[in-house]
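K.L.:
Just dropping this structure here.
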Amino acid sequence: MNKLRIYIDMDGVLADFKSAADELKKKLPMNSENLKFDEILDFSTFKPMKDAIESVYKIIDMGHDVFIASTPPWNNPDAWGQKRNWIEEHLPELQKKIILTHRKDLLIGDILIDDSDYRGQKDFQGTWMHFEPSEGADWPYMVKKIEELTPDVAMNKGFKNFAKAITKINC
């Protein structure tokens, strides 16, 4: 099997930053359009993106080495710990596999799944998979592409952690 090192961005890929910001906008006065939501939101409270948790467990079950690579807002130091807390709650297997960086081009690995392109993603030395659900590049697409790179999956080796994810989400 080809074990890949895969980095996954958090906000907008695993955690639904946009929905959290939209919810906060509804509660704020009309003249609050200049707020920087990444400086005031609690990152630990974000809901998972659709299919994110199940998909990460599928990738882990393929035998790949998975890490979270996230960029915390510089002017919100609390977000650094909040991101860690979110991972501990939703993906506890990855709680000690978190990399916080503003330079994703410095990561060494095979795949980077990320929704933005302004923090070195384009210069990542492996394959940058641009996560863009509105264009079909959603979690099922990401898993399918990684399965194509992982021959053992085609032989149905099983998804031991996937069952945990489904149980947790359905609870």
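K.L.:
Over 20 Å from residue 90 (Cβ atoms), open to solvent by 20 Å² or more (accessible area, probe 1.4 Å), charged (D, E, K, R) and without any contact (Cβ under 8 Å) to a residue 40 or more places away in the chain, is that true of residue 27?
P.N.:
When the stated conditions are applied, residue 27 passes them.
K.L.:
Residues in region 73-91 that are open to solvent by less than 50 Å² (accessible area, probe 1.4 Å), assigned to a helix (DSSP H, G or I), out of contact with any strand residue (DSSP E or B) (no Cβ under 8 Å at 6 or more places or on another chain) and not aliphatic (A, V, I, L, M): how many?
P.N.:
Of the residues in that region, 2 qualify.
K.L.:
If you take the residues in region 65-122 that are out of contact with any helix residue (DSSP H, G or I) (no Cβ under 9 Å at 6 or more places or on another chain) and of a type in the set (Val, Ile, Thr), which one is farthest from residue 45 (Cα to Cα)?
P.N.:
Per the stated criteria, the residue is 108.
K.L.:
Somewhere in region 53-72, is a residue modelled with pLDDT under 90, over 19 Å from residue 139 (Cβ atoms) and open to solvent by less than 40 Å² (accessible area, probe 1.4 Å)?
P.N.:
Yes, that holds for at least one residue.
K.L.:
In addition: Just to be sure before I move on: is residue 38 assigned to a loop (DSSP other than H, G, I, E, B), over 12 Å from residue 13 (Cβ atoms), open to solvent by 50 Å² or more (accessible area, probe 1.4 Å) and not hydroxyl-bearing (Ser, Thr, Tyr) in the structure I sent?
P.N.:
no
K.L.:
On the given criteria, is residue 117 in a helix (DSSP H, G or I), closer than 21 Å to residue 131 by Cβ and open to solvent by 30 Å² or more (accessible area, probe 1.4 Å)?
P.N.:
no
K.L.:
State which residue is most open to solvent (accessible area, probe 1.4 Å) when the search covers only region 92-114 and only residues that are within 29 Å of residue 136 (Cβ to Cβ) and among the charged types (D, E, K, R).
P.N.:
Filtering region 92-114 for residues that are within 29 Å of residue 136 (Cβ to Cβ) and among the charged types (D, E, K, R), the one most open to solvent (accessible area, probe 1.4 Å) comes out as 103.
The values are calculated or read from the model by the stated rules, or taken from the named source; none is laboratory data. Predicted model only: the values in this text are computed from it and were never measured. Cβ atoms come from the backbone with ideal geometry, glycine included; neighbour counts cover every protein chain shown. Heads up: the accessible areas ignore ligands, DNA and RNA and are worked out on the full protein's heavy atoms, side chains in. Shrake-Rupley method; radii C 1.70, N 1.55, O 1.52, S 1.80 Å.
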